[in-house]
1. For the chain, with only Lys/Arg (+1) and Asp/Glu (-1) charged at the beta-carbon, what is the dipole magnitude about the Cα centre, in debye rounded to 20?
2. Lysine pairs in the chain with alpha-carbon atoms under 25 Å apart, 8 or more places apart or on different chains: how many are there?
3. Of Ile66, Thr26, Thr137, which is farthest along the charge dipole of the chain in the positive direction, counting Lys and Arg as +1 and Asp and Glu as -1 at C-beta?
4. Contour minus end-to-end for Val95 and Tyr73, with contour as 0.36 nm per residue of separation and end-to-end as the Cα-Cα distance?
5. Once whole DSSP H runs in the chain are found, which of them have Cα atoms spread over 20 Å or more along the helix axis and a mean Kyte-Doolittle score of at least 1.6?
6. In whole percent, how big is the carbon plus sulfur part of the accessible area of the chain, probe 1.4 Å, protein atoms only?
7. For the modelled label position 7 Å from the Cα of Arg177 along Cα-to-Cβ, which residues of the stretch 100-143 have backbone nitrogen atoms closer than 20 Å?
8. Would you mind working out the magnitude of the charge dipole of the stretch 36-135 relative to its Cα centre, with +1 at each Lys and Arg C-beta and -1 at each Asp and Glu C-beta, to the nearest 20 Debye?
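The values are calculated or read from the model by the stated rules, or taken from the named source; none is laboratory data. The structure displayed is predicted, hence computed values, not measured ones. All Cβ positions, glycine included, derive from the backbone under ideal geometry; neighbour counts span all protein chains shown. Just the protein is used for accessible areas: all its heavy atoms, side chains included, with ligands, DNA and RNA removed. Shrake-Rupley method; radii C 1.70, N 1.55, O 1.52, S 1.80 Å.
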Amino acid sequence: MSKHYRRLSLAQGASLCAVGLLVGLTLLVVTPRVKLFPVNALLVLAAWFCFWFFSHDLAHHIVGRIVGVGFRYYFLGRSSITRLSLPIASNLLRVVPVLGLKIDKSSLKSASPNKARAMYASGAISSMFLPWLVIPTGFLVGLPVGILISILTVANVVFTLYFSLRVGDLHRARMVRS
């Protein structure tokens, strides 16, 4: 497979992310009204996924624009986690596309190191913290669902802190030189 599967314009990618976050928010509002288990549990998981997945690149895009870093396009590609050669995760992520954002290198070079760090870190930070918004809805559905969503959210933070510091956005933020 190629490194980039499909390109999306900046407007298309940002719109996709915004719609994904709106779907997540809608699911948080609708799910407590659904009294049919396991449908409501699946809706909570879908909301969690929306906040985790769609916030990441949109945060890069928004923070980047604020600090003066430009972008060329969004793309569907591979996760940088594949470089870690993890037995299950790397093989799965080689075939599952993730959303990415191509940075305009010239604008990145002209940004201050702290601004570049903020842009890089914003994606990991948003995808670690926005899923916490789903936990109360998980508990409204039921104690087991709330516990499951809580465990998933904490595991996401631990996983992101561990792997992102090695090959992901937090690694890139650390590597920016003053």
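1. Here the chain has a charge dipole of around 700 debye.
2. The result is 5.
3. Positive-most Cα among the choices belongs to Ile66.
4. Stretched fully, the Val95-Tyr73 segment lengthens by 5.8 nm.
5. Working: long enough: 10-30 (30 Å, 2.15); 39-67 (41 Å, 1.30); 113-129 (23 Å, 0.04); 143-167 (35 Å, 1.86).
Membrane-span-like by this rule: 10-30, 143-167.
6. 70
7. Within reach of a label on Arg177: 104-121.
8. Charge dipole, the stretch 36-135, about its Cα centre: 440 debye, nearest 20.
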